[in-house]
Amino acid sequence: MTDAADDRRARGLDRLKELGDHPGGDAFLERMGEPMASWLVDWVFGDVHARPNLSPRERELIILALLTGLGSSDPQVAAHIDALRAIDVPDSDIEEAILQTAPYTGIPRAINALKVLRTGQGR
């Protein structure tokens, strides 16, 4: 790897560690296999997540809202709820972010995300 690639990998691994290795961890990355595991660490977490303008809290709440809106993403919703908890975001704030999606993405998708929040379903 080049120095730039090493830096990006290190940033990605640091960001994952900050989020309690959610979504991911070594077992998750192993299951993804290559090239997806490297894309996630290097690009998603090393480049996109490491951008300076948003806090980890803001970034994760946005991601949670988007995943809620997409629907059919319960495992990813669960992983990002775990990431939010890892950075000490209270469940009441996580719930509020989900509730804010309902008028824009639909009640059923918000209900599904609330189920994941309250029961851990989706993992």
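Every number here is computed from the coordinates shown, using simple stated rules; none is lab data. Quick caveat, the model's predicted, so the values are computed rather than measured. So basically every Cβ, Gly included, is an ideal-geometry build from the backbone, and we count neighbours across all protein chains shown.
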With only helices counted (DSSP H, runs n ≥ 4, each -39500 (n - 2.57)), the per-residue ellipticity at 222 nm for the chain, to the nearest 500, works out to -20500 deg cm²/dmol
Other residues with Cβ under 9 Å from the Cβ of Arg118 give, with Lys and Arg +1 and Asp and Glu -1, a net charge of -1
Gyration tensor on Cα atoms of the stretch 1-53, a ≥ b ≥ c root eigenvalues, a/c under 1.5 rounded, else prolate if a/b beats b/c, else oblate, says oblate
Farthest toward the dipole's positive end in the stretch 1-53, which of Leu13, Met32, Ala50, given Cβ charges of +1 (Lys, Arg) and -1 (Asp, Glu) about the Cα centre?
-> Ala50
Applied in sequence order to the stretch 90-105, the curve 6.51 cos²θ - 1.76 cosθ + 1.60 (Karplus, θ = phi - 60°) yields integer Hz couplings, x standing for Gly and Pro, of x, 4, 5, 6, 5, 4, 4, 4, 5, 4, 5, 7, 3, x, 9, 10
Approximate spin-label separation Ile111-Thr2, in nm, with each point projected 7 Å along Cα-to-Cβ | 5.1
Given a cut-off of under 8 Å on Cα pairs at least six residues apart, what relative contact order in percent is computed for the stretch 58-123?
-> 46
Relative contact order in percent for the chain (Cα pairs under 8 Å, 6+ apart) equals 28
For Rg/Rh (Cα atoms, Kirkwood Rh), the listed values are (1) 0.99; (2) 0.92; (3) 1.07; which was obtained by calculation from the structure presented?
-> (1)
Tell me, what ³J(HN,Hα) does each residue in the stretch 28-36 have, in order and in whole Hz, if you take phi through Karplus 6.51 cos²θ - 1.76 cosθ + 1.60 with θ = phi - 60° and put x for Gly and Pro?
-> 4, 5, 4, 5, 5, x, 8, x, 4
With θ set to phi - 60° and the Karplus curve 6.51 cos²θ - 1.76 cosθ + 1.60, what are the ³J(HN,Hα) couplings of the stretch 52-59 in order, to the nearest whole Hz, using x for Gly and Pro?
-> x, 7, 10, 6, x, 4, 4, 4
What is the helix-to-structure angle for 74-86, meaning the angle in degrees between its Cα long axis and the longest Cα principal axis of the chain, kept from 0 to 90 and rounded to the nearest 10?
-> 80
Per the C-alpha gyration tensor (a ≥ b ≥ c, the square roots of its eigenvalues), the stretch 72-123 is rounded if a/c is under 1.5, else prolate if a/b beats b/c, else oblate; here it's oblate
Against the longest alpha carbon principal axis of the chain, how many degrees, from 0 to 90 and to the nearest 10, is the axis of helix 3-18 turned?
-> 30
Answer rounded, prolate or oblate for the stretch 34-94, using the Cα gyration tensor with square roots of eigenvalues a ≥ b ≥ c: rounded when a/c is under 1.5, else prolate when a/b is larger than b/c, else oblate.
-> oblate
